[in-house]
Ligand SMILES: Cc1ncc(COP(=O)(O)O)c(C=O)c1O
């Protein structure tokens, strides 16, 4: 995914050389993908000479929630999440990159086959951080995948567990083989769910429409911000309701949103061009979101941007 590995990683509570952070091939995490993770973005705010992590505490709360839902031992998970809150600024400062970063805080089970009681498992944690300065601006071409978003009764879309992301492998290959950028998945009820990394929004006659959580959608943090910005800053009403596949083509405009994709217009679906890409609402919400993240506009609340100043260089002796 990235041209070269960073030199450092936060691993089990401390900064570690990238190559030293290892688990055995037979470990529970390597065998069954037993990890819960988050994707964070730290925006570089040059004017303030600091990074700002978008909703750091909210992401870490969702991480702890994923761990609880998939039955990692609760007390140990809570302690590790607390350690990760300390690790995020430490890693960002150590990476010393004056540009945007994508960070992946993760808890995993190293030992303990299907274990869930405290004495049965050995947990580990890490945060990997990658420079991610290039911003994808062009509208995305999408397909509607022939594969389904998992049902809440299989592996719930509300839980960010690593193994669940295998459900996006074939849709992504299907999209690549069709020459498209991304796959939109339908749910078991045949209505629109989301992509493998972002929520889907349509504009219909001045109203924004997005599928509700019950339709196989992660409770996305960007989704929440976008709903709030549309309503409170841009005066665009938002409705959460099921979206039939064909309605994707009827939209005045459509976009996806997520931490990694940020806000990106959908340019075509199954080869049929969108009515507008990027449309005016997509452009407005995208510009507002990026202006907030980069410190040029006020955030909707104090929690949204977790500031991490550049570490003061110690004087050399
Ligand atoms: C399946 C899925 N949907 C949507 C999203 C977007 O969520 P967020 O805005 O919290 O990054 C993600 C990314 O975490 C995801 O993995």
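Give me Rg over Rh for region 140-293, both radii from the alpha carbons and Rh done the Kirkwood way, two decimal places. Could the numbers behind the result be given before it?
Values: Rg = 14.3 Å, Rh = 15.3 Å.
Ratio of gyration radius to Kirkwood radius: 0.94.
If I model a spin label at residue 190 and residue 135 as a point 7 Å from the Cα along the Cα→Cβ vector, what separation in nanometres do I get?
Distance between label points: 4.1 nm.
In the Gaussian network model of the chain, springs joining C-alpha atoms below 10 Å, which of 134, 276, 21 carries the largest mean-square fluctuation?
134
Nearest 10 degrees, 0 to 90: what angle lies between the long axis of helix 56-69 and the longest principal axis of the chain (Cα atoms)?
80
Highest mean first, how do 243-252, 86-95, 114-123 rank when packing is the count of other Cβ atoms within 10 Å averaged over residues? Numbers along the way, then the final one.
Numbers: 243-252: 16.0, 86-95: 19.8, 114-123: 14.5.
Result, highest mean first: 86-95, 243-252, 114-123.
To the nearest Å, what is the center-to-center distance of region 166-235 and region 141-164, using C-alpha atoms only?
11
How many percent of DSSP beta bridges within the chain run antiparallel, rounded to 5?
Working: 48 of 58 bridges.
Counting only bridges with both partners in the chain, antiparallel ones make up about 85 percent.
Once both axes come from the Cα atoms, what is the angle between helix 221-232 and the longest principal axis of the chain, in degrees from 0 to 90, rounded to 10?
Taking Cα atoms only, the helix is inclined about 50 degrees.
How much of the DSSP beta bridge set in region 140-293 is antiparallel, as a percent to the nearest 5?
Values: 16 of 26 bridges.
Percentage antiparallel, nearest 5: 60.
Given the chain, report the % of alpha carbon pairs whose separation exceeds 36 Å. Before the final figure, lay out the partial values.
Numbers: 9421 of 50086 pairs.
It works out to 19 percent of all Cα pairs.
Restricting to DSSP H runs of at least four residues, report the calculated mean residue ellipticity at 222 nm for the chain, -39500 (n - 2.57) per run over all residues, nearest 500 deg cm²/dmol.
Calculated from helices alone, the mean residue ellipticity at 222 nm is -7500 deg cm²/dmol.
Roughly how many Å is it from the Cα centre of region 236-302 to that of region 85-105, as a whole number?
27
Would you mind checking the tilt of helix 280-293 against the longest principal axis of the Cα atoms of the chain, expressed as 0 to 90 degrees and rounded to 10?
Computed tilt is about 20 degrees.
None of the figures in this text is laboratory data; all of them are computed from the coordinates on show. Note that the structure is predicted; figures quoted are calculated from it, not measured. Here Cβ is always computed from backbone atoms with ideal geometry, including for glycine, and neighbour counts include all displayed protein chains.
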